[in-house]
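Below: the structure, in structure tokens.
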Amino acid sequence: MTTLEDCRALDAQDPLRSLRDQFTLPPGVIYLDGNSLGVLPKAAPARIAEVVAEEWGQGLIRSWNTASWFDLPQRLGDKVARLIGAAPGEVVCTDSTSVNLYKVLFAALSQQKDSGRKLVVSERSNFPTDLYIAESLCRERGFTLKLIDADELQGPGSVLTDEVAVLMLTHVNYRTGAMHDMKAITAAAHAAGALTVWDLAHSAGAVPVALNESNADYAIGCGYKYLNGGPGAPAFVWVHTRHAGKFEQPLSGWWGHAAPFEFTPHYRPAPGVGRYLCGTQPIIALAGLECGLDTVLAAEAFDGGKGGLAALRAKSLALTDLFITLVEERCAGQGLSLVTPREHARRGSQVCLSRSEGAYAIVQALIARGVIGDYRAGDSQMPDILRFGFTPLYLGFEDVWNSVEHLVQVLEAGEWQREEFNRKNAVT
Ligand SMILES: *Cc1c(COP(=O)(O)O)cnc(C)c1O
């Protein structure tokens with residue numbers, strides 16, 4: 001049996017433990033929801049105040065040049081690139097994940113429009129906004145969205161046929177935490193003649209991503225989850241350089257123009273990923289995102305000079321392994337099942353448990369105790385889910401122990417059955 005002392009010993013040996021000092025966490029809270037909204041970086045309030053009071057208040061319009069507002073999407077894009085296996089100049093930070101998905105999927109479909117291929121393939125269990133965006137684009141552009149289960153991607157009966165134009169997947173599933181093999185799936189899609197669009201919402205800043213090494217085509221991701229950019233922070237978008245200069249941007253606003261300040265009457269797209277900008281950028285929000293990105297990039301210092309997220313990933317796996325072990329040791333017989341894959345290569349940075357009854361109320365009871373995870377509704381294939389995100393930047397092993405201790409208490413005393421925990425809020 002694992003003990004509290006074991007967990008404390010792991011914290012004492014943890015090379016990343018000082019990274020927690022970068023954040024403001026409310027006292028008494030164990031935050032297991034960084035996969036939904038990251039924690040406030042300590043640097044963010046002062047930096048945002050400076051942008052407001054100095055750069056906006058004093059610099060006024062001059063700040064587009066003097067405070068480097070104009071190239072902020074590219075500058076932050078270069079920081080994101082380090083986290084997702086991309087090169088400088090290949091990423092911009094802009095718009096929301098949903099909007100960026102519209103742009104990249106449109107571009108991929110345009111590239112395939114003369115191929116005779118009519119299918120966009122995605123997973124039934126993908127995040128709904130991805131499916132909603134794909135639905136309307138397919139309708140608009142004369143394609144059909146085909147929804148599959150992950151096991152239909154491989155093997156002899158694979159859905160990857162010569163009818164598939166685009167394979168659109170989320171790298172780490174938002175509910176189950178299951179992670180795809182990006183390189184193998186991209187190779188299979190390419191072998192079938194399809195382009196790939198990867199959503200990195202639950203990957204960027206959480207697991208190592210190797211976009212160029214995987215030879216992917218398009219990718220997008222979220223700024224406010226593991227990147228700690230703040231609520232509604234700008235998202236990011238990447239395109240492989242082989243498509244640069246060729247791909248079509250449907251939202252052809254002036255910020256994606258090759259020379260916006262020439263004010264010419266006709267659109268001429270910027271050469272690379274810069275064309276994925278549309279209109280004037282949210283500078284204050286981008287400033288918050290930069291603070292978040294810097295908290296993740298601080299982990300690079302612990303990778304023995306190699307750069308990258310290896311140390312962060314190792315801790316993330318150790319945290320999720322520990323959580324799984326403790327739940328199995330201490331909550332046996334309580335009706336919880338593990339949904340997230342045990343296999344490291346297939347696991348993101350979260351653990352999902354399912355329960356046929358009370359999942360929502362158990363999460364509410366935990367939140368009342370300061371253990372913040374979240375609930376996601378099940379479907380025909382899966383019961384309701386309790387979802388726990390583990391952000392190695394600010395979580396320790398004792399936090400894992402304490403969160404399971406609370407879970408044990410909520411379950412054993414039937415605390416979750418109280419009426420107050422069974423009323424649904426608007427945002428779950
Ligand atoms: C969180 C998330 C989004 C969020 O999209 P927004 O446009 O920021 O609301 C999109 N896709 C996936 C897979 C997500 O997990």
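The values are calculated or read from the model by the stated rules, or taken from the named source; none is laboratory data. Not measured: the values here are computed from a predicted model. Cβ coordinates were reconstructed from backbone atoms using ideal geometry, including for glycine residues, and neighbour counts include every protein chain displayed.
A compact table of results
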| read-out | value |
| --- | --- |
| Yes/no for residue 286 being assigned to a helix (DSSP H, G or I), within 16 Å of the ligand (Cβ to nearest atom) and either under 25 Å from residue 39 (Cα atoms) or under 23 Å from the mean Cα position of the chain (by Cα) (or both) | yes |
| Of residues in segment 378-428 being among the small types (Gly, Ala, Ser) and touching a residue at least 12 places away in the same chain (Cβ under 8 Å), the one surrounded by the fewest Cβ atoms within 10 Å (Cβ to Cβ) | 378 |
| Verdict on residue 326 being buried (at least 16 other Cβ atoms within 10 Å of the Cβ), touching a Cys at 6+ places or on another chain (Cβ under 6 Å), more than 27 Å from residue 48 (Cα to Cα) and touching a residue at least 60 places away in the same chain (Cβ under 8 Å) | no |
| Residue count, segment 147-179 (criterion: closer than 19 Å to residue 381 by Cα and part of a loop (DSSP other than H, G, I, E, B)) | 7 |
| Single condition residue 88 does not satisfy, out of (1) over 23 Å from residue 293 (Cα atoms); (2) free of Cβ contacts under 8 Å to residues at least 60 places away in the same chain | (1) |
| Residue selected from segment 245-263 under the condition without any contact (Cβ under 8 Å) to a residue 60 or more places away in the chain and more than 13 Å from residue 277 (Cα to Cα), by the criterion nearest to the ligand (Cβ to nearest atom) | 245 |
| Per-region count, segment 212-236, residues touching a residue at least 60 places away in the same chain (Cβ under 8 Å), within 16 Å of the ligand (Cβ to nearest atom) and farther than 17 Å from residue 172 by Cα | 6 |
| Cβ-Cβ under 6 Å pairs, at least 6 apart or on other chains, segment 130-152 side free of Cβ contacts under 8 Å to residues at least 12 places away in the same chain, far side more than 16 Å from the ligand (Cβ to nearest atom) | 152/159 |
| Residue within segment 169-181 that is out of contact with any Lys or Arg (no Cβ under 7 Å at 6 or more places or on another chain), away from the ligand (no atom under 16 Å from the Cβ) and on the phi < 0 side of the Ramachandran plot present | yes |
| Options 356, 349: the member that is hydroxyl-bearing (Ser, Thr, Tyr) and either out of contact with any Pro (no Cβ under 8 Å at 6 or more places or on another chain) or surrounded by fewer than 16 Cβ atoms within 10 Å (Cβ to Cβ) (or both) | 356 |
| Members of segment 361-383 found to be in contact with a strand residue (DSSP E or B) (Cβ under 7 Å, 6 or more places away or on another chain), farther than 14 Å from residue 175 by Cβ and assigned to a helix (DSSP H, G or I), listed by number | 362 |
| So residue 198, is it within 12 Å of the ligand (Cβ to nearest atom), within 19 Å of the chain's Cα centre (by Cα) and of a type in the set (Phe, Trp, Tyr) | yes |
| Hits in segment 201-211 (condition: away from the ligand (no atom under 11 Å from the Cβ), within 27 Å of residue 245 (Cα to Cα) and surrounded by 24 or more Cβ atoms within 10 Å (Cβ to Cβ)) | 209, 211 |
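One line per residue, one yes/no per condition, for (1) in contact with an Asp or Glu (Cβ under 8 Å, 6 or more places away or on another chain); (2) more than 29 Å from residue 401 (Cβ to Cβ); (3) at pLDDT 95 or above; (4) part of a helix (DSSP H, G or I):
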site: 223; (1), (2), (3), (4): no, yes, yes, no
site: 236; (1), (2), (3), (4): no, yes, yes, no
site: 278; (1), (2), (3), (4): yes, yes, yes, no
site: 292; (1), (2), (3), (4): no, no, yes, yes
site: 298; (1), (2), (3), (4): no, no, yes, yes
site: 307; (1), (2), (3), (4): yes, yes, no, no
site: 317; (1), (2), (3), (4): no, no, yes, yes
